[in-house]
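Colleague: Sharing a structure here in structure tokens format.
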Amino acid sequence: MALNLRQKQASCIIRMLNLNQPSNSNGTSTKEEVYKVLIFDKFCRDILSPLIHIKDLRKHGITVYFLIDKERQMIPDVPAVYFIQPNQFNIQRIITDASRSLYQSFHLNFSSSLPRPLLEDLASGTLQGDAVGRISKVFDQYLEFITLEDNMFSLAQPSCYVQLNDPSAGDREIEEIIEKLVSGLFCVLATLAVVPIIRCPRGGPAEMVAAALDMRLRDHLISKNNLFSEGGNFGSSFQRPILCIFDRNFELSVGIQHDFRYRPLVHDVLGLKLNALTVKGEKGGRSSYILDASDPFWVANGSLEFPEVAVEIETQLNKYKKDVEEVNTRTGGKDGAEFDGTDLIGNTKHLMNAVNSLPELTERKQVIDKHTNIATVLLGEIKERSLDSYAKKENDMLTKGSIDRNELLSVLGGKGTKVDKLRFAITYLLSSETTPQSELEAVEAALRESEVDTCAYQYVKKIKSLNISLASASSASKSNIVDWAEKLYGQSISAVTAGMKNLLSGDRQLALTRAVEALMEGRPNPEIESYLVFDPRAPKSSSGAAAHLKGPFKEAIVFMIGGGNYVEYEGLQELAQRQQPVKHIVYGTTELLTGMQFVEQLTQLGQKMGLGSSAAASTH
């Protein structure tokens, strides 16, 4: 696939580890192997973590690795590869390391573009420390994003939703956040070597990021040796991709609701982070697992509902037992004996086949055991918290726009953590445009009874009442309300208002998925009629209505500002797969958030506005 972000980022990192020498087909350097030290900061460690396992570092000559802020011993005869963010602290550490001659030579790789003032600090600092000769190369790598799946990335920018919706945030703070997001997106596009057509809804952070990214790309494309000159034809496809930028308020409920598919469940309930997971083991200990493209079960079944995953684990286990039995029978082993390689007799041919199949069978058994353990822990949580009921009822609410009052109150008074109940109450609030006052009071009473902190609930309620005021206000007074709202609620109020309509779709296809499908199809559609278009390659004076800007598009990059999740990722991948021919969609976000983490950000905003109860919400 032309837009395989994971593969492209991994190959950039492998080239970097090989001192930026070209590598051959198996990923190792074409030159004689050199043993090296790797130095990174915490952010760059997180970039590396999902892409390259520790054992693979040795393949590229990395014998030891350290965090830059730790004290380190001198290793004088070895070159050091630095992979760090361009900031003042890291520059000072490099100057100190070079002045102390910790390593033979320094190969400096910055995760994004190194600003000129920092480059000058590096030059003057190493000059004063008589260490200029030790600095071999300085590279801007444009890798400041974390790729978790072939088609999924995060900029790992924490609390973006709070920062962009904070009523006390000044223009300067908002601009700084927008600049960080633009820089991260620029890195993604530079790695893919594509200049997309940019589309976004009007107003709010989405338009701010789109306009600033358009400007950044235009400025960069002026230079002849730009990062996009090689990949201008976009591999085998002559068509440029579309970049669709949205703000979390476009569809608030997706960040809050429960989901019953395997991948979203593992993330939301067990806290999957950087593709790694730690759960309780069989004998009371802890087991750590990696869930990524190297795990065939995770790849094949991540988008299935949890009960289907349980059936699939059972099926795989039975198939494994049957294969073991067949090998044991053919080699003269006892029927049904556990296949451990010790009970093999029989003719040489069968013996050789059995020996050859042993690693594959062992690997299969490890994968089955891993997912059996994860599913067992998940099942315990599902039963204890009635997560299946939450997922079903929330989905029904969002589809129908209503729920029976008794059912609503029985969920709030039943099983589940305080945060589960809070998420359910907020989803109820978002599921219909108008809610009877008596029901709102009953919901709030039920939350208080369960000692739930209602700050997040009150924040969403306030936003919702504001939307209703906006909808019913006359055009003269509407502008006054908008002015007041934008001062009070930050930049994205218009996007929230638009988002309310998205929640009322009958088919329960995510609003994001619907919008992306419409943008990729390029047919006239009232939902996306008002969306802005930016083409960084077109002259500024052009009207932006050229036919190539409207599609259809084979490839899309979808970026969600303010926190994304696996629910949206799954929705977009399903959309890509059901197209004929199959399309390609990359999903990115400012940070991946569980429902609980997103509710915490809503709580912070509620507190900043003095809403709700002051008691802190806890998980249980």
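The values are calculated or read from the model by the stated rules, or taken from the named source; none is laboratory data. Bear in mind that the values here come from a model prediction, so they are computed numbers and not experimental data. We place every Cβ from the backbone using ideal geometry, glycine too, and count neighbours over all the protein chains shown. When the accessible area is computed, the model is the full protein with side chains, heavy atoms only, and any ligands, DNA or RNA have been set aside. Shrake-Rupley method; radii C 1.70, N 1.55, O 1.52, S 1.80 Å.
Colleague: Express in whole angstrom the spacing between the alpha-carbon centres of region 253-292 and region 35-114.
Modeller: Answer, in whole Å: 31.
Colleague: Further, regarding this structure: When the accessible area of region 401-477 is computed with all protein chains present and a 1.4 Å probe, what percentage of it is carbon and sulfur?
Modeller: Numbers: 1510 of 3120 Å².
So the carbon and sulfur contribution to the accessible surface is 49 percent.
Colleague: Quick check: Cα centre of region 590-604 to Cα centre of region 134-199, how many Å?
Modeller: 19 Å
Colleague: Could you work out how much longer the chain between LYS415 and ASP323 gets when fully extended? Use 0.36 nm per residue separation minus the Cα distance between them, nm to one decimal.
Modeller: Going from the current span to full extension adds 28.9 nm.
Colleague: Please list 3J(HN,Hα) in residue order for region 420-425, calculated via the Karplus relation 6.51 cos²θ - 1.76 cosθ + 1.60 where θ = phi - 60°; whole Hz, with x for glycine and proline.
Modeller: So the Karplus estimates, Gly and Pro as x, are 4, 5, 5, 4, 5, 5 Hz.
Colleague: Which whole number in µm²/s is D for region 47-132 by Stokes-Einstein, with the Kirkwood Rh taken over Cα pairs at 25 °C and 0.890 mPa s?
Modeller: Answer from the Stokes-Einstein relation: 177 µm²/s.
Colleague: How large is ³J(HN,Hα) for each residue in region 197-213, as worked out from phi by the Karplus curve 6.51 cos²θ - 1.76 cosθ + 1.60 (θ = phi - 60°), to whole Hz, x for Gly and Pro?
Modeller: Rounded to whole hertz, the list is 7, 9, 10, 7, x, 6, x, x, x, 4, 5, 4, 5, 4, 5, 5, 5.
Colleague: Among the lysines, select those whose C-alpha is under 20 Å from the C-alpha of LYS42, and discard any that sit fewer than 8 residues away in the same chain.
Modeller: Straight-line reach from LYS42, under 20 Å: LYS55, LYS70, LYS180, LYS273.
Colleague: Would you mind checking which residues have amide H under 5 Å from PHE153's amide H? H placed 1.01 Å from N; only 5 or more apart, or other chain.
Modeller: Correct list: LEU148, TYR587, GLY588, THR589.
Colleague: Per residue, how big is the convex hull of region 401-477 when only Cα atoms are used? Give it in Å³. Working shown, then result.
Modeller: Details: hull volume 6.4 nm³, N = 77.
Per residue, the Cα convex hull of region 401-477 comes to 84 Å³.
Colleague: Normalised by the number of residues in region 128-187, what is the relative contact order in percent for Cα pairs under 8 Å and 6+ residues apart?
Modeller: 32 percent
Colleague: Let me ask another. Carbon and sulfur together cover what percent of the accessible area of region 250-319 at a 1.4 Å probe radius?
Modeller: 54 percent
Colleague: Starting from the Cα gyration tensor of region 127-283, multiply each eigenvalue by 5, take the square root, and state the resulting semi-axes largest first in whole Å.
Modeller: 31, 24, 21
Colleague: Could you check the spin-label model distance between LYS280 and ASN356? Points 7 Å from the Cα along Cα→Cβ, value in nm.
Modeller: Rounded to a tenth, the inter-label distance reads 4.4 nm.
Colleague: Still on this model: Calculate what fraction, in whole %, of the accessible area of region 127-173 sits on carbon and sulfur atoms when a 1.4 Å probe is rolled over the protein chains.
Modeller: Ligands and nucleic acids excluded, carbon and sulfur reach 43 percent.
Colleague: Using θ = phi - 60° and the Karplus form 6.51 cos²θ - 1.76 cosθ + 1.60, what ³J(HN,Hα) does each residue of region 155-162 get, whole Hz, x for Gly and Pro?
Modeller: Here the 3J(HN,Hα) series is 8, 6, 9, x, 6, 4, 4, 5 Hz.
Colleague: Can you pull the three principal axis extents for the Cα set of region 240-288, in Å, largest first?
Modeller: Principal-axis extents of the Cα atoms in region 240-288, largest first: 50, 28, 16 Å.
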